[in-house]
Each structure stands twice: as C-alpha cells, then as structure tokens.
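K.L.:
Mind having a look at this structure? Questions to follow.
What follows is calculated from the coordinates using simple rules that are stated; it is not laboratory data. Every value quoted in this text rests on a predicted model; they were computed, and no experiment measured them. Don't worry about glycine lacking a Cβ; one is built from the backbone with ideal geometry, like all the others, and counts go over all protein chains shown.
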Ligand code: PLP
C-alpha cells in the first residue's frame, strides 16, 4: 500500500473529470459546485478517494463486483503475463486462458458444458436472447420466441435487456422496445400479492398463468435472477424454484439464470442457483468473474443447446454472433486467477461465516431500529428494507434512504441502496462486501449503519 494521495496533487485530475467525464447513473448538476468522487486506490475492502478519505467498501466496487478484494497483484500479474505473450485474437480462434478458464469454470457447473465469452452482463444476457430467437426460427418454425422476465429483476442496459427488465424507471424514455418480452410477477414475500396457500408455489404458479395466457407454444425462455439484486435483494421463497423447474419442463421452456451478481461466490456457493437445486439451460455471469480486474462475461449453456447450432449443411445454422473484445485474453486470465484465489483462500467458507455474522448484526440492528422492516439475503449478499411503519410496511422515502447512505459514508463505510427503478420501493439498503471480509470489518460496517440510522431516524 502506498501512501494515500494528498488532495492537492489530484486537483488537476478532479478538474479534468469535472470538465470531461460523463459518469454513469449520475445527475451532474450538483457537480457544478461540488467535487466528483474519484477513487484512487484500494486494498482488501478499503478504498481511498482523491481527497485522501478512507472507506470500507461494503458493496465491492459499488456494484457487487470486486469479490476477491482490491490490490490483488497476482491477478494483475496474470493479466500482464498474458498480454505480453498474446494480448488478442478474435474468438473464432481460441486462447490458452479461455480454454483453461472454461474448463475450470465448468467443473463447478455440472450439467453445463459450453462457454461463450463477452464483455458485460448485458451482453451475456442479450446473447441468450439471440440464441433463443435463433432456436425459435430454426427449430420451432418461428414459435417459442417470447422471453419471460420477472418484475423487479434487472438484466442490463441495452435496448433488448431493458425490454427484459422488471424495473420500469430504468426503461422509461428509451423505448420503443422490441416485441416478445413479457413480465411475470415478483416473488417478494414481504410484499406478497396473494394470501392463499404457500407463497413460493403461488408466485411460481403466477408464471404458469402468464405462460398459459401467452400460449406455451410462443414462449421460449424464462429469465430470472437467482436472488434479485438491485431490485431489492429478493430471495425467492421456499417452494418457488421446484415449481419453476416443473413449469419449465412441462412447457419446454428454457430456463436462464442471470448470475451477474451472485456468480463466483457471492452467496457462499460458486453460483446462486446452486443454493436451490436448479438445473438451468443458460447461466450468465459478469461482475465477479474477474472481480473487476478485467472486463469479461460469460454465457454458459448445455450441450443440448449447443448442438442445435451444429449443422454443416446449413450456412445459417451456427451462432452468427461476434463480440470483438469478448474473450480478449486478459479477461479469462484474470478470471482463472480469481477462481484460484477463491479456492486456495477458502473464500466460499469465509463468505458463509462472515455472511452469517453480517446477517446476525443486521438482525440486531432490526431489534434496535424500528425503521428496519425486513432483513434478507444469503452469504455476503444482504439487504435491509426500511419502512415508516412495520404494521403497514409503508416504505420510507428516497431522500431518507439517500441520507442513511450518506451518513454511513460519513462514518467511513460505503453501502448501497436498491436502485431507483422500482417506483416507491427504492427502500432497501444493500450490502455485499468482498468475500475476504474479516469479522472486524463486518462489525465496522454495521456499527457505521447503526450510527447512521440513529442520526436519520432519531
Ligand atoms: N444482470 C444483473 C443481475 C445485474 O445486476 C447487472 C448489472 O448491474 C446486469 C445484468 C448488467 O451487467 P452490466 O452492467 O455488466 O452490463
């Protein structure tokens, strides 16, 4: 760790940022008078900003990404060695790290056998949609072309993935959208829509109702997050996944699990779906795959799906898709080293142990602060839903959530909030520290939240 930078050294950089950089998801108006946040260094869970302030980052790079923590020189070395040897060749040819990483990854994913490399989560998901559409054209005579997605889930920022997004505010003003994307209801029991029977089974049955309404012969794919992330940290309830799997089998609908957030260890298993005994036809992953040390995403599928694109007699049979930087050799090199670190350092076990500690601490905060209505999550992926009144479950307003995040940051800890995409329900504090978190760091995170909650809701 070098010494944290002195604020004055970076004044020109801050000014250059203010003048020229267009930040993601940010309203720039306040930056006309205030400074942009620039993060200059990281080690483990800690980051330092351009003003020299130190934070514990409890959201792994702000968007559940840096799973193995900051400052990993072995990943940087793996990328460097690969780039010096062979930086790039189009993925119509292979590379040594891509083949090695695909083999290692698939050891952890029984039932799946093919990896298609891309750059981002959105792109990985969109590739599934293209594969499904091509299967529809070539194998179903144009049927089974519709794609089902769930209310409150998010699958990306491109036009097609926004069409498959269950968060209306994200999609507003970027339409018109392509046809054939159909929403199914959310499965958050805390805000249950039905009172009859087991909620998990009822929520899955609601998917079947949509399939029957649309016509099963038109539906090709069901795309779901294993645990909804930015939409409010929603763990599907007991009974849900078994019924979802049955429904997909009954109507021959391919099941796509979007592991962009859960992928590579976040819930204490390699993948979120492995907590629920699901057998997916497609799994997509991005953020944690190389822990933010390189841009890489993967679309993983079965041999049965792959076989549908093999037909030497038909020049249109193969997957006619390309992504210039997909599989760019530094990505799989970083991903391979990320997997080695997770295994050699026992990070899945640490995730379970520290996840249990984080959960217990959050439950204790719930005892103390009436504003916490619900705590939920798995492993080091937890959320706390804030309500004005536990009886009515009326959500707190967005400015209050923003104040809790700001007050926690003022106490040296960066946490997140559910995104502004579920109107009126952007009231969940989100936590996803790196899998290397220590007990002391977990306690420091919840201590800062405790102070912040007391300050905002005295
Ligand atoms: N899927 C999920 C569940 C996500 O949370 C995200 C991003 O937040 C994406 C897909 C899109 O990934 P990317 O931003 O890499 O395109």
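K.L.:
Return the FRET efficiency for the residue pair residue 28, residue 113: r is the Cβ-Cβ distance, R0 is 35 Å, and the value is rounded to the nearest 0.05. Write out the running numbers ahead of the final one.
P.N.:
Working: r = 46 Å, r/R0 = 1.31.
Approximately 0.15, to the nearest 0.05.
K.L.:
Now a separate question. At a 10 Å Cβ-Cβ cut-off, how would you order 446, 158, fewest neighbours first? Present the calculation step by step, with values, prior to reporting the outcome.
P.N.:
Working: 446 22, 158 16.
By the 10 Å Cβ count, ascending: 158, 446.
K.L.:
In nanometres, what is the gap between the two model label sites at residue 90 and residue 313, each 7 Å from Cα along Cα-to-Cβ?
P.N.:
2.8
K.L.:
Report for region 74-344 the percent antiparallel among DSSP-assigned beta bridges with both residues inside it, nearest 5. Each step should come with its number before you reach the end.
P.N.:
Details: 10 of 25 bridges.
Bridges in region 74-344 are about 40 percent antiparallel.
K.L.:
Same structure again: If you stretched the chain out fully between residue 106 and residue 217, how much longer would it get, using 0.36 nm times the residue separation minus the C-alpha to C-alpha distance?
P.N.:
Details: separation 111, 0.36 × 111 = 39.96 nm, distance 3.12 nm.
Stretched out fully, the residue 106 to residue 217 stretch lengthens by 36.8 nm.
K.L.:
Can I ask one more? Cβ neighbours within 10 Å, averaged per peptide: list 43-55, 227-239 in order, most packed at the top.
P.N.:
227-239, 43-55
K.L.:
Cβ neighbours within 10 Å, averaged per peptide: list 306-313, 27-34, 432-439, 267-274 in order, most packed at the top. Write out the running numbers ahead of the final one.
P.N.:
Working: 306-313: 11.2, 27-34: 9.1, 432-439: 25.1, 267-274: 23.2.
Put in order of decreasing packing, that is 432-439, 267-274, 306-313, 27-34.
K.L.:
Also, quick follow-up: Can you put 214, 41 in order, fewest other beta carbons within 10 Å first?
P.N.:
Values: 214 14, 41 18.
Ascending Cβ contact count within 10 Å gives the list 214, 41.
K.L.:
Divide by every residue of the chain the summed helix terms, -39500 (n - 2.57) for each DSSP H run of at least 4, and state the resulting mean residue ellipticity at 222 nm, rounded to the nearest 500 deg cm²/dmol.
P.N.:
Calculated from helices alone, the mean residue ellipticity at 222 nm is -11000 deg cm²/dmol.
K.L.:
Could I ask something else about it? Starting from the coordinates of the alpha-carbon atoms of the chain, obtain the Kirkwood hydrodynamic radius over all distinct pairs and give the value in Å to one decimal.
P.N.:
In the chain this quantity evaluates to 23.0 Å.
K.L.:
Still on this structure, please answer the following. Under the definition of Cα pairs under 8 Å and six or more residues apart, what whole-number percent is the relative contact order of region 74-344?
P.N.:
Working: 493 pairs, mean separation 77.4, N = 271.
The normalised contact order for region 74-344 reaches 29 percent.
K.L.:
Fewest first, what order do 219, 283 take by the number of other Cβ atoms within 10 Å?
P.N.:
Details: 219 25, 283 30.
With the fewest neighbours first, 219, 283 line up as 219, 283.
K.L.:
Additional query: For the chain, what is the relative contact order in percent, using Cα pairs closer than 8 Å and at least 6 residues apart in sequence? Present the calculation step by step, with values, prior to reporting the outcome.
P.N.:
On the way: 902 pairs, mean separation 93.0, N = 458.
Here the relative contact order equals 20 percent.
K.L.:
With viscosity set to 1.306 mPa s at 10 °C, what whole-number translational diffusion coefficient in µm²/s follows for region 1-138 from Stokes-Einstein and a Kirkwood radius over Cα pairs?
P.N.:
Values: Rh = 19.1 Å.
Result for D is 83 µm²/s.
K.L.:
Oh, and also: Along each principal axis of its Cα atoms, how long is region 336-458 end to end? Whole angstroms, biggest number first, please.
P.N.:
Principal extents (largest minus smallest coordinate, Cα): 46, 28, 26 Å.
K.L.:
Counting DSSP beta bridges with both partners in the chain, what percentage is antiparallel, nearest 5?
P.N.:
Given both bridge residues lie in the chain, the antiparallel proportion sits at roughly 65 percent.
K.L.:
I'd like the distance separating the alpha-carbon centroids of region 213-272 and region 379-439, in whole Å.
P.N.:
24
K.L.:
Could you grab the Rg to Rh ratio for region 74-344? Cα atoms only, Kirkwood for Rh. Working shown, then result.
P.N.:
Working: Rg = 18.5 Å, Rh = 19.1 Å.
Taking Rg over the Kirkwood Rh, I get 0.97.
K.L.:
Kindly give Rg over Rh for region 213-315, based on alpha-carbon atoms, with the Kirkwood expression for the hydrodynamic radius.
P.N.:
On the way: Rg = 15.3 Å, Rh = 15.1 Å.
Rg/Rh for region 213-315 comes to 1.02.
K.L.:
Working out 0.36 nm times the residue gap between residue 390 and residue 190, then minus their Cα-Cα distance, what length gain in nm do you get to one decimal? If you can, show how the numbers build up before the last one.
P.N.:
Values: separation 200, 0.36 × 200 = 72.00 nm, distance 1.10 nm.
My answer for the length gained is 70.9 nm.
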